Structures are given as structure tokens and as C-alpha cells.
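Here the structure comes first, spelled out in C-alpha cells, and everything after it is commentary.
What follows draws every value from the coordinates through simple rules; no lab data is involved. Fair warning: this is a prediction, and the values are worked out from it, not measured in the lab. Cβ atoms come from the backbone with ideal geometry, glycine included; neighbour counts cover every protein chain shown.
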Amino acid sequence: MSLLTVILASLINFIVTCPGEDASHSINVNWHTDVKGSYMELTDSRDTAFLSADKIYPKETLWSTDCCDSLFAIERYVCKVNMDNLKKGHSYIYRICAADTASGTYHFTTANGSRKWTFNAFTDFQTRFNPYTHNLIRLIDSIAGHSVLSVCSGDMIDYAAHQDEWEWLFGQDDIFSRFIYASSPGDHEYWGLPYPNGHIEQLKSPLTYNAIFNFPQNGTDCCKGSNYWFIYNRVLFLSLDCGDSNTPVSENSKMERDWIIRTAKELEGRYDYLIVLQHKSLMSSYTNDSGVHKYLTPLWVPAYVEAGVDLVLSGHDHMYSRTHEIDGVWYLDMGSSGRKTRVPDEGQYTDGLHDKIINLRELDQCVGAVVSVSRKCLDIKVYNRDGELVDQFKVKAKRRR
């Protein structure tokens, strides 16, 4: 690592391009810096020397060890830029400047309204520092032909309070500089520091998560930023915040249930498909997290039917399983896009709901998906880290256009 790289790493961290509410003209960016007064330079993708770049100053918030749920070791500024007047279907580049230094170049393309496009899907990048995740993301993006968007259904790290884990995830600029990124929070995004007795501190809120990302503030009052929606090319994505490692139904989950039904109806006509990012899988393990089947499945399954959800992307159990269509909804638990895996639950083989189960633990594998969107269907192809196609299914369009 060069001296310049070390200097940049200490000044500018965690640059992430996030979707705005309507990604045809709205994109958000988030970064951390050690110095006050950093800014973004934004320009057309052809202006690689940034000669005609616009200078955009962020909203800065001091992030310190004295802040509630802030367990980062280094005090720094959290910087957020929300752009809402971008050109439709346009390719942009940007870089972050701080103290006479500049980051590498980041790319994004706004939605153009096309009904034919692709995005990448992942889940559970953990455990931290594993050798699989980054190579898998590169592989899936290459197979997709470099998608404009990647999504993840949570548990990107083990402990949200460990700064080095976020540095591991975002420390390879050639990956997250290529696309817009969206995620739902997992329970590990609520994990703090381990206690001496082996228990893990559960953070009271996803404050750390919201300091890393800059998602739309259009969700429920209880979960601003971690519960949100956005539209990219007539696909409506809804992110749910399932909370920490405890699974009983809470007032928050009831609020989110009402929100998803209301949002789906209010936006009707603006989207062809409705996809949910929900960390805890409603149709996966019966024993690993039995509280999901006891509390969450009865709450969410009827809500998804009422909202007209097409596809639910989940993780949490680290077991790959995919259902057939259930009352118009498909459920895909991709299991793991990292090292952590479990043997499939016996109940998955006997419940009559699943069309595909893969024993990732036995195969020492992790997976990611390429989702091709068209007028007729969502074509989902799942690949392992060796680039082998291990599952494929199609979700037929059900909305009249």
C-alpha cells in the first residue's frame, strides 16, 4: 500500500452511492472524513479529468465516541449529499475531495425508464475478513455485464460497532465505485461489542447503519433510513428493518406492515414489479430462528399478498432455499454471499413450499444472483463463487401495463 493510499484512507472513508427515491433523477452519496469541509466533485462520465465538475458540499455531522450507539474508535464527520435534479438515464462520475486530496473515481447511471435491465443481489457477506465476498461481487457483476445496481438483504458485517469491519467491506474501491448500492439492515447491523460473558450488546437503533448509508427518508417514523423505498426503472424496492436478534412482533414491525401496504397502493401505476429486501427469511429455517415462523411469518405473508409483492429477497439463516409461487409471491433466501453457512433445516424439505434447496455448508459455497428485468418476467439466475449456475427461476409479470 502506497503512502498516498494510506493518507487517503485516513481522510476519506466509506464512500457509498445510494439510490434516491426516484433514481431517474435522485441519487444520494455518503462518506466519512477526518476533516471538516470536504466536498464532492460531480460531472459527466466523459469528463474524466473533472474539468467541468460541479462542486457540491454535504451536510456534515460530527460522529464521535460520545454519540449514542457510536462505538467507532475515531472521531470523524459523516457527510451526506442528496441530489434531486439529475438527468434521466445519464452516466455520471464523482470524487470526494478533502484537505487537498481526492478519492478515486466513482460511477453511477440514473434510471432511464427502460423495462429491460439487470441488477445484482446478495445477502450475508459475513463473516468479516472472509476471502470470498469481494471476489463473488466482482464475479456476479462481470456475469451481469456490469449492472447499474446491487442490493443486499443484510448482515454485511458481524459487528456494526467494529470500524475495521466496515473498512474491510468498503476497502476495495474497484467494487463499490461501480454501481448504486442498496441494502436492508440485518440483525448484525444491530450488534455492538461482545460482553465478557459471551453475550452481544444489541444496539438500540441502527444509528451506525444510518451513518454508513444515505437511503431515502420515506419510511416509517420508527425506522427512518433503514426502512425505505426507491424506484429504479419501474421496479419498486422496499427495504424492511427487522431489528436486532430478537424476533417477537413489535410495534415497529406492525407499523412497517401497514406502511408497505399503503406504499404499494399509493405508488400503483409507477412500477411493474415490487421487490422486498427483508433480512429474516419467512420461509427458511424452522429451528435456527424459530421466532420468525412463530411471530413474523403470520404477520408478513398476508401483508405481502395484499401489497402485491412479486419477490422477497432474504438471508439470515445462511441456508439456500427458494419456494415456488405462494399466493403470487416468491421467496428467495440466498443463504450466504460470504463464508458463514449452515446445513439446511429438515423442515425445508418437508414443508411442501420449496422447489430448490442447496446445502452450501456441504459444498463450501456462497452465492449471488443476477436479476434480469423485462416486460414479461424477472429472470433470476443464481451463481456460486466458481461461476457455476446453481439455480434459475422466473417470476412472471402480473401487472397490466
Helix 297-307 axis, angle to the chain major axis (alpha carbon atoms, nearest 10°): 80 degrees
Could you give the length gained by full extension between Asn246 and Ser114, i.e. 0.36 nm per residue of separation minus their alpha carbon distance, to one decimal place? 43.5 nm
Return the aspartates and glutamates within reach of Lys88: Cα separation strictly under 13 angstrom, same-chain partners fewer than 8 residues apart disregarded; answer none if there are no such residues. Asp22, Asp44
Other residues with Cβ under 12 Å from the Cβ of Gln163 give, with Lys and Arg +1 and Asp and Glu -1, a net charge of -2
Unit charges on C-beta of K, R, D, E only; dipole of the chain, Debye: 1500 debye
Mind checking the angle between helix 251-266 and the chain's longest principal axis? C-alpha axes, 0 to 90 degrees, to the nearest 10. 90 degrees
Residues whose modelled amide H sits under 5 Å from the amide H of Arg115, counting only those 5 or more places away in sequence or on another chain, are none
Please report Cys242, Cys223 as a ranked list, fewest other C-beta atoms within 10 angstrom at the top and most at the bottom. Cys223, Cys242
Across the range 211-217, in residue order, what do the Karplus-derived ³J(HN,Hα) couplings come to in whole Hz, using 6.51 cos²θ - 1.76 cosθ + 1.60 with θ = phi - 60° and x for Gly and Pro? 7, 8, 10, 9, 8, x, 9
Fewest Cβ neighbours within 10 Å first, please rank Met83, Met319, Met334 accordingly. Met83, Met319, Met334
Based on DSSP, what percent of beta bridges with both residues in the chain are antiparallel, to the nearest 5? 75 percent
Restricting to Cα pairs under 8 Å and 6 or more apart, the percent relative contact order of the range 276-315 works out to 67 percent
Tilt of helix 133-143 relative to the longest C-alpha principal axis of the chain, in degrees (0 to 90, nearest 10)? 80 degrees
Other residues with Cβ under 14 Å from the Cβ of Ala369 give, with Lys and Arg +1 and Asp and Glu -1, a net charge of -1
With respect to the cross-link table entries Lys340/Lys398; Lys59/Lys224; Lys224/Lys294; Lys87/Lys224; Lys265/Lys376; Lys340/Lys394, which display a Cα-Cα separation exceeding 24 Å? Lys340/Lys398; Lys224/Lys294; Lys87/Lys224; Lys340/Lys394
Using Cβ counts within 10 Å as a stand-in for footprinting exposure, how do Trp63, Trp229, Trp31 rank, fewest first? Trp63, Trp229, Trp31
Once you place label points 7 Å from the Cα toward the Cβ at Glu60 and Lys204, how far apart are they in nm? 2.8 nm
What helix-only [θ] at 222 nm does the chain give? Using -39500 (n - 2.57) per DSSP H run of at least 4, over all residues, to the nearest 500, the answer is -5000 deg cm²/dmol
Using θ = phi - 60° and the Karplus curve 6.51 cos²θ - 1.76 cosθ + 1.60, what whole-Hz ³J(HN,Hα) does each residue of the range 381-396 get, with Gly and Pro shown as x? 10, 10, 10, 8, 6, 8, x, 8, 6, 10, 6, 8, 7, 10, 9, 6
